[in-house]
Amino acid sequence: MKSFIPILLVSFLIPVSQLSAESPPAVEGHKAFMEGLREIKKDAIKFKGAESASNPRTLSPVVSRFKGWFIDITEKAKSGKLDGVDVVEGISLASKSRASSSWQFIETEKGYVVRAAGGKYNGWIIVIDDSAKTRPEGPNLTVTPALRLAKSATANSYWKPTLTKQGLVLEATSGKYKGWVWDFGGGDPSHEESGRQVAINVLLAEKVVAGSYFDVQASK
């Protein structure tokens, strides 16, 4: 038993941000789903390194009181800089779809970029701020409010989409939070913005949980 003690000690010394869960298992239709995102050829895409892109899509949680809400950006977004790039903090869930609820999946050799396809920040992309702090979300989960909307690519801009039985999971492919996945605070409050409810609660979670699954639909 003594020979195992150093190994156990090392495992406890590894920061939680470096411990990533395994990717979720893909459903049988995953390959067809990914092929369906290749709707626009690279010659028609204004993004460096793009190989293909989807038409605009919406992403909605499949559980909790936020089921059917839309990934969006709050009107109260906070401006800042990340890797010298203009960014805003405030990726949210909104109760009604607007132009800012549309997103485009852009395929690159590094992974997929998720780019805003409408609204004030049209053309900006969802990235990760490695300086964001972690916090507990209940007794068994660690999360971080690390998602930002950036005017151009930063060090950690790429995602691995996996279609599962429950919905689409988006997993970070690089950086401090590599392997972490999109999630949201299910108990977080919402407020009114221009005739709809908005919750500034979209996060990264250390492992796949109920809030990590999203329904993807063509934007209307």
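Under a plain spin-label model, where a point goes 7 Å from the Cα along Cα-to-Cβ, how far apart in nm are residue 98 and residue 220?
A separation of 1.7 nm, rounded to one decimal place.
Could you calculate the contour length gain from residue 55 to residue 120, that is, 0.36 nm times the residue separation minus the distance between their Cα atoms, to one decimal place in nm?
21.6 nm
Given 0.36 nm per residue, what is the gain on full extension from residue 86 to residue 23 after removing their alpha carbon distance, in nm?
Working it through step by step, the gained length comes to 19.6 nm.
Computed over the Cα atoms of the stretch 58-210, what is the convex hull's projected area averaged over all directions, in nm²?
Approximately 8.4 nm², given one-decimal rounding.
If the chain between residue 65 and residue 46 were fully stretched, how many nm would it gain, using 0.36 nm times the residue separation less the Cα-Cα distance?
Contour length minus Cα-Cα distance gives 3.2 nm.
Near the amide H of residue 197, under 5 Å away, which other amide H atoms are found, from residues 5 or more places off or on another chain, if H is placed in the peptide plane?
Those qualifying (amide H under 5 Å, at least 5 residues apart or on another chain) are 95, 96.
Averaging sequence separations of C-alpha pairs under 8 Å and six or more residues apart, then dividing by the length of the stretch 28-109, give the relative contact order as a whole percent.
The value is 32 percent.
At R0 = 30 Å, how high is the FRET efficiency between residue 141 and residue 33 if r is their beta carbon distance? Nearest 0.05 is fine.
Computed FRET efficiency for residue 141 and residue 33 comes out at 0.65.
First select every other residue whose beta carbon is under 9 angstrom from the beta carbon of residue 79; then total the charges, Lys and Arg +1, Asp and Glu -1.
Here the charged neighbours net out to 0.
Work out the length of the dipole vector of the chain about its Cα centre, built from +1 on the beta-carbon of each Lys and Arg and -1 on the beta-carbon of each Asp and Glu, and round it to the nearest 20 debye.
200
Among 27, 209, 145, whose Cα sits farthest toward the positive end of the charge dipole of the chain (+1 at Cβ of Lys/Arg, -1 at Cβ of Asp/Glu, about the Cα centre)?
145
Coordinate-derived values only; no laboratory data. A quick note: this is a predicted structure, and the numbers were derived from the prediction, not measured. Cβ atoms come from the backbone with ideal geometry, glycine included; neighbour counts cover every protein chain shown.
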